[in-house]
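For reference, the structure is listed below as structure tokens.
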Amino acid sequence: MLIDNISIAIVGGGPAGLTLARLLQLKNANVKVYERDFNKEARVQGSPLDMHEDSGLAALRKAELLEEFKNTYRPGADKMLIVNEQAEILFSDHDTKPEEDFGAEHFRPEIDRGPLRNMLLESLQPNTVVWDSHFISMEPKNEGWLLHFKNGTSAYADLVIAADGAHSKIRSYLTNNKPVYSGVIMLEGIISKEHAPRINALINGGKIMAFGNSKNILMGQKGNGDLGFYASFKADENWAAITGLNLSDNTAVLQWFKTEYPEWNAIWYELFEKATVPFIPRPIYFMPLDQSWETKSNITLMGDAAHVMPPFAGEGANMAMLDALELSEHLTDHHYTTLQEAIFHYETNMRNRAAAATKESLENGERMHSETSLATMLEFFNGHTPAS
């Protein structure tokens, strides 16, 4: 195989990087994952992930981890409520959602990021992940690269695979493409269910999408019962700096919410009153739909490093794990005679499908932050195609 007798460095230990490492190790590849976190106990934040049949689940199936996933995912966490700003339920599938199972086209089982990461980590050979490896720079050496890390260490690899996220430092060694701001800020908060009893009773273990006045609150319940939520709205990319809002002050953030979401019911206030601080502002970015670069034989991109996209189609993590599946297959395909040829075909297909997913995510984001967002999303979830 093309990867026989070469060393592979995956920079970034998220779902994409760890899935790729697992798939390559099943092919007896010499692979290391360099992760900036100090150790595996580092807190993994973010909303739960829903796995799709032809991408995330396909990768887990190929990685021989589907049975483990079935023991780890959270049945029922995909159940959805759509409410207005008064928290009135206008759509619920809690009692009507069909009992789908693995293999069904529209089954999207949910899993928290922490358990998914742990499952992938435990599937790897000992010492595959090199912790406390914050990538700083790299330079050409022999046919590959010499990587340098913040802790003073260095490592050589014949092939470097960037899985280091939206603000990838490795991407610049291959292309000048940069993420574009989408116009949407998502202000992230986490609160224990005990501190938000009314919302906890409403969400009932699933997810809530609340729409009103071109603004949203999007939330889901984590496996430990905590509520992860996002106030999602259009604003300047530098919103946090411009407003000067003290994101470590619950009272200040609550007052901001009351001012910016004035028509919203007081039931939402409990989310802000006792949430864990600081709140985290997340400007939402995407990569240009027409991006391209010249393929190299010793470096490639995957996941958010290649195609960061808004979260409004649930495709980001799934596309990233599909990257892992397809890249592993291209690198071990006997039909290719060179690494550059294998990587070229992977990158071409990856860019095309990622552009389609990004376009869908952007269009959904526009719908969700429009004046007619509530009606549009109700149409969508009731099985009708929303008007353009």
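The values are calculated or read from the model by the stated rules, or taken from the named source; none is laboratory data. Only a predicted model underlies this, so the values are computations on that prediction, with no experimental measurement involved. Every residue, glycine as well, gets a Cβ built from its backbone with ideal geometry; the counts of neighbours run over all protein chains shown. Surface accessibility is based on the protein's heavy atoms, side chains included, excluding ligands, DNA and RNA. Shrake-Rupley method; radii C 1.70, N 1.55, O 1.52, S 1.80 Å.
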(request) Having 3 or more residues that are open to solvent by 40 Å² or more (accessible area, probe 1.4 Å) is the bar; report the helices (runs of 4 or more DSSP H) wholly within region 303-388 that clear it. (result) 339-368, 373-381
(request) Could you list all residues from region 259-276 that are open to solvent by 60 Å² or more (accessible area, probe 1.4 Å) and within 22 Å of SER192 (Cβ to Cβ)? (result) GLU273, LYS274, THR276
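Which one is farthest from ILE8 (Cα to Cα), of the residues in region 120-135 that are of a type in the set (S, T, N, Q) and either surrounded by 15 or more Cβ atoms within 10 Å (Cβ to Cβ) or touching a residue at least 12 places away in the same chain (Cβ under 8 Å) (or both)?
It comes out as SER123.
Can you tell me which residue in region 209-233 is most open to solvent (accessible area, probe 1.4 Å), limited to those that are assigned to a strand (DSSP E or B) and more than 22 Å from PRO278 (Cα to Cα)?
Out of the qualifying residues, it is MET209.
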(message) Checking GLU139 against (1) assigned to a strand (DSSP E or B); (2) in contact (Cβ under 8 Å) with a residue 12 or more places away in the chain, only one condition comes out false. Which one?
(response) (2)
(request) May I ask you to verify whether PRO115 is under 22 Å from GLY205 (Cα atoms) and assigned to a loop (DSSP other than H, G, I, E, B)? (result) no
(request) Please go through region 69-87 and pick out each residue that is charged (D, E, K, R) and either surrounded by fewer than 16 Cβ atoms within 10 Å (Cβ to Cβ) or under 30 Å from TYR261 (Cα atoms) (or both). (result) LYS70, ASP78, LYS79, GLU85
(message) For the structure I just gave you, tell me whether GLY13 is in contact with a strand residue (DSSP E or B) (Cβ under 6 Å, 6 or more places away or on another chain), part of a loop (DSSP other than H, G, I, E, B), open to solvent by less than 40 Å² (accessible area, probe 1.4 Å) and modelled with pLDDT of 95 or more.
(response) yes
(request) Collect the residues in region 332-382 that are under 26 Å from the mean Cα position of the chain (by Cα), farther than 18 Å from PHE211 by Cα and free of Cβ contacts under 8 Å to residues at least 40 places away in the same chain, keeping them in residue-number order. (result) HIS345, THR348, ASN349, ASN352, ARG353, ALA356
(message) Checking HIS52 against (1) crowded, with 16+ Cβ neighbours inside 10 Å; (2) at pLDDT 95 or above; (3) within 20 Å of LEU327 (Cα to Cα): exactly one of these is not met. Which one?
(response) (2)
(message) Here is a check on your reading of the model: is ASN265 in contact with a helix residue (DSSP H, G or I) (Cβ under 9 Å, 6 or more places away or on another chain) and among the polar types (S, T, N, Q)?
(response) no
(message) Pull out all pairs, ordered by first then second residue, where Cβ-Cβ is under 6 Å, the residues are six or more apart or on different chains, the first lies in region 184-198 and is modelled with pLDDT of 95 or more, and the second is acidic (Asp, Glu).
(response) ILE190/ASP226; SER192/ASP226; ALA196/GLU270
(message) Among the listed residues ILE242, ILE191, identify the single one that is among the β-branched types (Val, Ile, Thr) and open to solvent by less than 40 Å² (accessible area, probe 1.4 Å).
(response) ILE191
(request) Take region 156-174 and flag every residue that is surrounded by fewer than 18 Cβ atoms within 10 Å (Cβ to Cβ) and over 23 Å from the mean Cα position of the chain (by Cα). (result) TYR156
